[in-house]
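Inspection log for the structure reproduced underneath, given as structure tokens.
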Amino acid sequence: MSVLVDQLGRVATDLRVSVTDRCTLRCQYCMPAEGLPWMPPEEMLTDAELLRVVGIFVELGVTQVRLTGGEPLLRRSIVDLVAGIAALTPRPKIAMTTNGLALGRLAAPLKAAGLDRVNVSLDTVDRGVYETLTRRDRLADVESGLRAAAEAGLTPVKVNAVAMRGVNDDSVAEVLRWCLERGYELRFIEQMPLDAQHAWDRSALVTAAEVRERLQRRFTLTPLPGRGSAPAQRYLVDDGPGTVGVIASVTEPFCQACDRTRLTADGQVRNCLFSNRETDLRGPLRSGATDEQLAALIRGEMWRKAPGHGIGRADFHQPDRPMSAIGG
Ligand code: SF4
């Protein structure tokens with residue numbers, strides 16, 4: 001079934017699958033306090049449909065599958081989904097991005113089902129700031145989720161942090177110290193214009209350069225070579241072995257080497273996080289399309305991938321679909 005190439009010759013091998021748009025947190029930079037109108041269950045791909053589509057992506061050359069949300073651990077069948085993906089041939093690497101709240105309970109069964117590693121979202125290690133940012137007092141659950149992930153062998157355990165001006169940007173070095181002490185690989189991600197409120201403001205953005213500058217007040221950062229298509233530029237901290245990553249999606253984009261493609265919980269293919277168009281697979285899937293027909297739809301969507309996200313351009317238009325329904 002060939003590969004997923006786009007008009008610039010980039011080949012997608014990394015599939016991000018959003019398995020639900022629901023979440024247990026209400027992070028300020030993602031959604032309003034009251035949450036969002038969630039997808040009706042009948043619009044979401046069933047487990048069988050999702051596994052079939054992921055299988056087609058694997059036949060099209062995908063070698064890594066990342067499960068995201070919303071919060072993926074809210075999907076009751078998540079352990080079975082992981083097992084189903086692990087049973088595909090060739091077996092893709094399987095990772096997950098989670099807020100960690102349910103990881104304490106699920107880390108071991110997920111590992112046993114075939115999950116390889118996790119990224120846990122954690123923007124601060126201060127209980128009060130965590131509650132302000134997420135509108136939930138659940139920091140302790142994230143900490144025990146991280147421990148459970150490490151104990152289960154979902155390693156390297158990575159932590160994803162977003163710095164928000166005036167909220168947690170003054171404690172980035174503290175988060176790094178906390179992660180280094182526990183052997184977690186921290187990565188700072190620039191806040192992207194993907195919030196449901198469409199309130200993102202570039203002038204308030206804490207840039208990658210600022211994050212590096214603040215970290216360097218306390219640590220020595222040495223850039224590590226061999227980034228390839230990885231979103232994060234990684235640095236050795238204080239001559240190692242600890243490292244930190246910085247994902248500068250807005251100010252230092254890395255789209256020229258992008259190898260990512262996306263599937264939403266309601267069966268839409270997105271060739272880019274910021275795409276304003278999608279290709280529907282759910283309709284054809286439910287009206288009897290063959291694997292070849294579905295593969296052709298996926299290839300067509302990937303071929304149309306734009307050179308980059310276009311943030312900052314006059315014609316940039318923030319996607320209508322919020323981050324919580326696209327996935328990380
Ligand atoms: S913004 Fe789009 S093209 Fe750029 S790296 Fe992200 S997914 Fe790839």
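The values are calculated or read from the model by the stated rules, or taken from the named source; none is laboratory data. Keep in mind that this is a model prediction, so the values were computed, not measured. Here the Cβ positions follow ideal geometry from the backbone for every residue, glycine too, while neighbour counts run over all protein chains shown. We work out accessible area using only protein heavy atoms, side chains counted, and drop any ligands, DNA or RNA first. Shrake-Rupley method; radii C 1.70, N 1.55, O 1.52, S 1.80 Å.
Here is the list for the stretch 239-328: trypsin sites (Lys or Arg not before Pro) lying in DSSP coil, each with at most 14 other C-beta atoms within 10 angstrom of its C-beta, are R277, R304, R313. Protein heavy-atom surface of the chain, 1.4 angstrom probe: 52% of the accessible area is carbon and sulfur, with nucleic acids and ligands not counted. Stretching R91 away from W200 to a fully extended chain increases their span by 35.4 nm, per 0.36 nm per residue minus the current alpha-carbon distance. Sorted largest first, the principal axis extents computed over the alpha-carbon atoms of the stretch 17-160 equal 46, 36, 23 Å.
With just the Cα atoms defining each centre, how far is the stretch 76-114 from the stretch 191-256? Give it in Å. Here the answer is 27 Å between Cα centres. Using the rule -39500 (n - 2.57) for each DSSP H run of four or more residues, divided by the residues of the chain, the 222 nm mean residue ellipticity is -8500 deg cm²/dmol. Dipole magnitude for the chain: about 380 debye, using +1 per Lys or Arg Cβ and -1 per Asp or Glu Cβ, origin at the Cα centre.
Taking the charge dipole of the stretch 83-139 about its Cα centre, with +1 at Lys and Arg Cβ atoms and -1 at Asp and Glu Cβ atoms, the residue from L115, V129, A83 reaching farthest to the positive side is A83.
Debye-formula intensities of the stretch 78-141, expressed as log10 I(q)/I(0) at q = 0.17, 0.30 Å⁻¹, are -0.64, -1.26 (one equal scatterer per alpha-carbon, no solvent). Convex hull of alpha carbon positions in the stretch 14-326: directionally averaged projected area 15.3 nm². Taking the DSSP beta bridges with both ends in the stretch 14-326, the antiparallel portion is around 30 percent. Here's the picture: charge each Lys and Arg Cβ at +1 and each Asp and Glu Cβ at -1 in the stretch 176-328, and of I298, L273, A204 the one pushed furthest to the positive end of that dipole is A204. Heavy-atom accessible surface of Y29, to the nearest 10 Å², is about 50 Å², with a 1.4 Å probe and all protein chains retained. Considered as an equivalent ellipsoid built on the Cα gyration tensor, the stretch 254-312 has semi-axes of 24, 11, 8 Å, the largest given first.
When only alpha carbons of the stretch 175-328 are considered, Rg and Dmax amount to 18.6, 59 Å. Which of the chymotrypsin sites (Phe, Trp or Tyr not before Pro) found in the stretch 154-225 are in a DSSP loop and have at most 13 neighbouring Cβ atoms, other than their own, within 10 Å? Answer by residue number: there is no such site. Sparsely packed loop sites in the stretch 200-230 (the trypsin sites (Lys or Arg not before Pro) outside DSSP H, G, I, E and B with at most 16 other Cβ atoms within 10 Å) comprise R217, R218, R227. Charge tally around P322: other residues with Cβ under 11 Å, Lys/Arg +1 each, Asp/Glu -1 each, net -2.
In the full protein context, the stretch 14-326 carries 41 Å² of accessible surface per residue, based on a 1.4 Å probe and ignoring ligands, DNA and RNA. Note on S77 and A230: with the Förster distance fixed at 35 Å, the Cβ-Cβ geometry gives a FRET efficiency of about 0.70. Could you compute the net charge surrounding P40? Neighbours are other residues with a C-beta less than 14 Å from the C-beta of P40; K and R count +1, D and E count -1. Neighbour charge sum, excluding P40 itself: -2.
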